[in-house]
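Structure first, then comments.
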Amino acid sequence: MDSRIGKLYPSSKFAFIILIILLSMFTPGYTMQYMVLPLILIISVFSGTAVNFLTTFIKSIFILVLFIFILQVFIIVNDDSEKIWGFIHFSQMGLMTSLSMTSKIVAISSCIIWFFQVTSVKDIIYALEKSGVSRKVTFVIASTIQLIPQMLNLSKTITDAQKSRGAETEGKIIVRLKAFVPMIGPLVLSSIQQIEERVLALESRAFSSQAKKTSIYELEKQPADYMIVTFCVLILIGYIVWRILS
């Protein structure tokens with residue numbers, strides 16, 4: 001987020017993401033969609049987030065895409081399926097279906113992963129409030145974005161506490177399940193306690209007050225932001241015209 005790309009205004013990066021998503025959804029075929037991944041990877045290199053991007057993509061989206069590919073090509077029986085062995089078949093129709101389906105998943109998910117890696121929640125909330133979105137709505141959005149990381153950190157803390165008391169938390173699946181059940185209670189109670197603390201912190205900052213609020217944190221749009229948004233709008237208009245005329 002300290003790179004020049006990361007310091008761009010959130011709406012500029014969001015406009016770029018929306019452009020890629022729309023092009024990926026409405027462009028027939030799968031070549032252009034798959035080309036989005038190397039494009040985002042190159043941008044991630046300049047953003048300084050290439051390693052994190054690849055790690056996140058491989059751990060989540062790649063596994064999903066591989067599962068869909070195997071299911072569509074080798075498991076689901078189509079009219080042109082050729083039996084290979086047992087319940088395993090090969091289908092050219094399934095191959096084309098999987099390429100069309102997974103290409104859109106790869107394009108859209110890679111854009112979203114990159115966006116949240118180069119844009120902090122603080123910048124997103126600031127941009128939303130500047131655009132006139134209600135503070136209650138921005139609070140809900142921020143809480144939703146931060147929910148999973150907070151729950152993961154909290155569960156890790158509880159797991160470390162159980163380890164320090166001699167509880168077995170690693171090993172076979174049965175051992176992990178036994179360790180997971182006692183962790184649910186502290187996890188839920190700690191989450192409820194954090195909600196109460198967060199409410200008190202918000203009220204101490206006059207969250208419900210209708211008075212105009214000021215912010216110490218400032219984020220201004222640069223000339224590059226206006227250029228990016230203009231470029232995205234022109235590309236989108238040109239694409240719509242091309243699709244209508246073609």
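The values are calculated or read from the model by the stated rules, or taken from the named source; none is laboratory data. What you see is a predicted model; the values in this text were computed from it and never measured. Glycine also receives a Cβ, built like all others from the backbone with ideal geometry; neighbour counts cover every protein chain displayed. Just the protein is used for accessible areas: all its heavy atoms, side chains included, with ligands, DNA and RNA removed. Shrake-Rupley method; radii C 1.70, N 1.55, O 1.52, S 1.80 Å.
List of remarks:
- Each residue in the stretch 123-146 was checked for being under 21 Å from Lys221 (Cβ atoms) and exposed (fewer than 13 other Cβ atoms within 10 Å of the Cβ), and 2 pass.
- Hits in the stretch 222-244 (condition: polar (S, T, N, Q) and assigned to a helix (DSSP H, G or I)): Thr230
Residue-by-condition table, conditions (1) modelled with pLDDT under 75; (2) under 26 Å from the mean Cα position of the chain (by Cα):
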{"position": "Thr144", "(1), (2)": "yes, yes"}
{"position": "Ser164", "(1), (2)": "yes, no"}
{"position": "Ile192", "(1), (2)": "yes, yes"}
{"position": "Glu203", "(1), (2)": "yes, no"}
{"position": "Ile216", "(1), (2)": "yes, no"}
{"position": "Cys232", "(1), (2)": "no, yes"}
{"position": "Ile235", "(1), (2)": "no, yes"}
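- Cβ-Cβ distances below 6 Å connect the following pairs, each with a first residue in the stretch 26-39 that is closer than 11 Å to Ser100 by Cα, a second residue that is of a type outside the set (Gly, Ala, Ser) and open to solvent by less than 50 Å² (accessible area, probe 1.4 Å), and a separation of six or more residues or different chains: Tyr30/Leu99.
- Identity of the residue in the stretch 40-51, free of Cβ contacts under 8 Å to residues at least 12 places away in the same chain and open to solvent by 70 Å² or more (accessible area, probe 1.4 Å), that ends up farthest from Leu234 (Cα to Cα): Val51
- Per the conditions (1) open to solvent by 60 Å² or more (accessible area, probe 1.4 Å); (2) in contact (Cβ under 8 Å) with a residue 60 or more places away in the chain; (3) more than 21 Å from the chain's Cα centre (by Cα), the sole criterion not satisfied by Leu99 is (1).
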